[in-house]
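In what follows, a single structure is set out as structure tokens and then discussed.
What follows is calculated from the coordinates using simple rules that are stated; it is not laboratory data. Please read these numbers as outputs of a predicted model, since none were measured by experiment. Cβ sites come from the backbone with ideal geometry, for glycine too, and all protein chains shown count toward neighbours.
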Amino acid sequence: MHELGITQNIVAIVSEHAKGAKVQRVLLEIGKLSAIMPDAIRFCFDICTQGTVLEGAKLEILEIPGLGKCRQCGAEIPLDKPFGICNCGSVQLDLITGEELKIKEIEIEELCV
């Protein structure tokens, strides 16, 4: 399960950017063609955040659908797999979306003094 290593890296990156502040929420974008299972990330997130500034943070995952562009006719087609066939018959597709793994937003707690 490579999601554990991915989640550990996400926690490390968010912790670094939070600079010691308590993290309330993390929004990830995960492409449906990325071979990363959102449910596994959710499971690993709770484990990996224990004892960190992310402990108790809400994890939100936005799944990005796959989209390809045909090299032959230029049509954009939705993809459920990292390959497909265009209506024109071409299999030469360039992936536009679906392979993402991004930390899109981090919400931290602000303390009023």
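Taking 8 Å as the Cα distance limit and 6 or more residues as the minimum spacing, I'd like the relative contact order of the range 34-89 as a percentage.
20
Pairing the Cα long axis of helix 3-18 with the longest principal axis of the chain, what angle in degrees results, from 0 to 90 and rounded to the nearest 10?
Orientation of helix 3-18: about 60 degrees from the principal axis.
Which whole-number percent is the relative contact order of the chain (Cα, under 8 Å, 6+ apart)?
Computed value for the chain: 35 percent relative contact order.
Report the label-to-label distance for K81 and E60 in nanometres (one decimal), using points 7 Å from each Cα along the Cα→Cβ vector.
Label-label distance for K81 and E60, simple model: 3.4 nm.
For I61, what residues show an amide H to amide H distance below 5 Å, using hydrogens built from the backbone and excluding near sequence neighbours?
For I61, whose amide H was placed from the backbone, the distant partners under 5 Å are L28.
Give me the distance in nm between label points sitting 7 Å out from Cα along the Cα-to-Cβ direction at E16 and L101, one decimal.
1.5
With each label point set 7 Å from Cα along the Cα-Cβ vector, what nm distance links E109 and S90?
5.4
Would you list, by chain and number, the lysines whose Cα falls below 16 Å from the Cα of K22, excluding same-chain residues fewer than 8 positions away?
Output for K22: K58.
Whole angstrom only: what separates the Cα centroid of the range 35-55 from the Cα centroid of the range 61-78?
29
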